[in-house]
Amino acid sequence: MLTGMLLWLAVTAAAQSVSSPNGDVCLRFALADGGVPTYELTYKGKTVVKPSRLGLELAKTKYSSKADETNLMDGFKVSGTQTSSFDETWTPVWGETATIRNHYNELEVTLNQPATTRNIIIRFRVYDYGMGLRYEFPQQNVLNYFVIKEEHTQFAMTGDHTAWWLPGDYDTQEQETQETRLSGIRAQFKKAVNWDNSSVAVFSETGVQTALQLKTDDGLYINIHEAACVNYPTMHLNLDDKTMVFESWLTPDAQGYKGFIQTPFNTPWRTVLVSDDARDMLSQKLILNLNEPCKIEDTSWIHPTKYCGVWWNMIVGKQSWSYTNDLPSVHLGKTDYKQCKPNGTHGANNEQVKRYIDFAAANGLDQVLVEGWNEGWEDWFGHSKLDVFDFVTPYPDFDIKMLNDYAHSKGVKLMMHHETSASALNYERHIDEAFKLMNKYGYDAVKTGYVGDIIPRGEHHYSQLMNNHYQYVVEKAAKYHIMVNGHEAVRPTGLCRTWPNLVGNESARGTEYEAFGGSDPAHTVILPFTRLQGGPMDYTPGILETQLSTWSDNTSYAHTTLCGQLSLYLVMYSPLQMAADLPENYEKYADAFQFIRDVPCDWSDSRYLEAEPARYITVARKDKQSDNWFVGGKTCAEARTAVVKLDFLDPGRKYEATLYADGKDAHYKDNPKAYTIAKKTVKKGQTLKIYEAPGGGFALSLKAL
């Protein structure tokens, strides 16, 4: 491996540079000795990425010829360059702002490999806040079909930066973020994977996932990720902790290959976001801008959604997804469930679902998610998982027609749940009938799930084949006018711009883990810097009864205060927001629940007022349907005072402010439900100082008068 310094010394004079529109970010491309493509990146004169190599290593297969095996890593000559500029403002179907500006300067470098006569293009797009690069392979007789052994895109760091990272894993991001120096990753890695070492596909003791958030000692914030991952495996990063050089590491398929490519083809973008202000890490839309425009002509059926559901009871362990305990006697297509003895704990029953529908209707919630409605849960994770679900057959105590008619009569819809048990091919076999059933009964949104090992081929969740499956589901759903919320799927890379019916993903450690021992209070103030870079998360906030033992046998507790939970509706942006707690718990804290009733999930403007990775976030958002603003602030395990300058309000106008704040003695561990609610009239130019308890936060509604 060539280090950044060696590449710098070897670079030839034939270099090309392109700067961002405001000149802050500058990218330089050059060929090193041996025809090795390299690039480097600076921000306001400071080096962000030292000279780093580019290229792909090809695999030898039984189908390849000698020419097919020649690597695309060196031996290149520059056969042409072209620069251009682009500036547009586009309108997302839903989002944090009503419009997004996409303004960049571009450098296109065409490379020829004389030994093989192959041509490839490396394209760079440089923004005021970062850059994206990708490889492009025009169709040509000598480069038509090839197999990737590994991609060797490097990111050479300038020092031993502070990093917020997840261990390299091909199947999940449902872990807690680690905070160390780059040099400390190796020592911390083994501790980080002990949570479930059997499931972690470890490829290196210094391998990490993206989006990777970094901070330099001189105050630069750097984020490395990818955009528009289509028909390609998900990228991880492998660190050489002696040279501080990250290198791309692709998720392999069941045979160990990294990607099967048919030209013409473009790889996903490799992205670097950079600023000296942490707030820019949250407000700039690099990943979305590097995706293609919306491909759905009529988007009128896509809408932000606030929902509740039959879910938390089961997560906590008080109810079950399955209808019966007669496991030996049940099998899909052969079992008459009416002859089975009900277990008495099945959550998706008519009476309870009607209660949730009534609750949603009374409180302005749009939909009710129901998990465990369909036959097969008795052995969903066992030997019969290949065909355990058909996604259309309800249990005897779930009257699908009656419940949907009842919901619609109340102005509410039910939200479908499709747990595939990671049998992706089975889901594809049934998907048309499943979506037709949804259309028949008026469902317009589905929560998909992929719990378990991918079968039957043993693929990883982030492989090229599985990424293609997730994309197939989203595109198929669009044909049926169905919105998709994917759980246990691949981490997003901005594809919701192109396919805005992809309204949510999990792909990280969500609220359910608060019932499994809890997550660190800093978890929700690092996820916006990492996981949420690629798209919104269905985090399922709103647990107001944070101490689960008050209503169940579960001894876990949510590691936030009650007001900290309210803040998540602003801090954890999503067009799909759940009121995840039980109706009776919301009735218990009805005054605090009012904020969840009021807060929208679609915005015309967003202003990040304060931010520091894993420490705190304060954000103000303007409702797309009114002149009202909402502000949320969240802190880690350390108490702080948020400073909210109301400069974003309209001049000359007054607002009724309702503040939901932690009590003076509040603490996420032993006094999480100490809160106050206060009202007063405010206007532009005022400053509010708001106390945030350990693990706490605040929520503020500003109603225009």
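Listed by chain and number, the aspartates and glutamates whose C-alpha is less than 13 Å from the C-alpha of residue 413, apart from same-chain residues fewer than 8 away, are 358, 366, 405, 444. When the P(r) of the range 98-233 is calculated, the portion above 27 Å amounts to 39% of the C-alpha pairs.
At a threshold of 8 angstrom on Cα-Cα distance, excluding pairs fewer than six apart, so keeping six or more, what relative contact order does the chain reach in percent? Each step should come with its number before you reach the end.
Numbers: 1810 pairs, mean separation 75.2, N = 705.
For the chain, the relative contact order is 11 percent.
For the range 525-601, averaging the sequence separation of C-alpha pairs within contact (under 8 Å, six or more residues apart) and dividing by the residue count gives a relative contact order of 36 percent.
Across the range 450-511, how large is the tail of the calculated P(r) beyond 17 Å, expressed as a percent of all Cα pairs? Intermediate values should be presented prior to the final figure.
Details: 721 of 1891 pairs.
Result: 38 percent of Cα pairs exceed 17 Å.
With contacts taken as Cα pairs under 8 Å and at least 6 residues apart, the range 466-619 reaches a relative contact order of 21 percent. In whole angstrom, the range 87-158 maps to an equivalent ellipsoid with semi-axes of 32, 16, 13, each derived as √(5λ) from the alpha carbon gyration tensor and ordered largest first. Sites listed here are trypsin sites (Lys or Arg not before Pro) in the range 216-311 whose DSSP assignment is loop and whose Cβ has at most 10 other Cβ atoms within 10 Å: 242. Overall dimensions of the range 540-631, expressed as equivalent-ellipsoid semi-axes from the Cα gyration tensor (√(5λ), whole Å, largest first), are 26, 16, 10.
On the protein heavy atoms, probe 1.4 angstrom, tell me the percent of accessible surface of the chain carried by carbon and sulfur.
Numbers: 12070 of 25330 Å².
With neighbouring chains kept in place, the figure for the chain is 48 percent.
Would you mind working out the accessible area per residue for the chain, using a 1.4 Å probe, and quoting it in Å²?
Working: 25330 Å² over 705 residues.
Each residue of the chain exposes 36 Å² on average to a 1.4 Å probe.
In this view, the solvent-accessible surface of residue 263, computed with a 1.4 Å probe and all protein chains in place, comes to about 10 Å².
State the three equivalent ellipsoid semi-axes of the chain, derived from the C-alpha gyration tensor as the square roots of 5 times its eigenvalues, in descending order and whole Å. All intermediate terms of the calculation are to be shown ahead of the outcome.
Working: eigenvalues 347, 208, 103 Å².
Each semi-axis is √(5λ); the values are 42, 32, 23 Å.
Largest first, the extents of the alpha carbon coordinates of the range 440-549 on the three principal axes equal 42, 35, 27 Å.
What pairs from 634/680; 190/306; 77/285 go past 31 Å between their alpha carbons? Where the Cα-Cα span goes over 31 Å, the pairs concerned are 190/306; 77/285.
The values are calculated or read from the model by the stated rules, or taken from the named source; none is laboratory data. Bear in mind that the values here come from a model prediction, so they are computed numbers and not experimental data. Here Cβ is always computed from backbone atoms with ideal geometry, including for glycine, and neighbour counts include all displayed protein chains. With ligands, DNA and RNA removed, areas are computed over all heavy atoms of the protein, side chains included. Shrake-Rupley method; radii C 1.70, N 1.55, O 1.52, S 1.80 Å.
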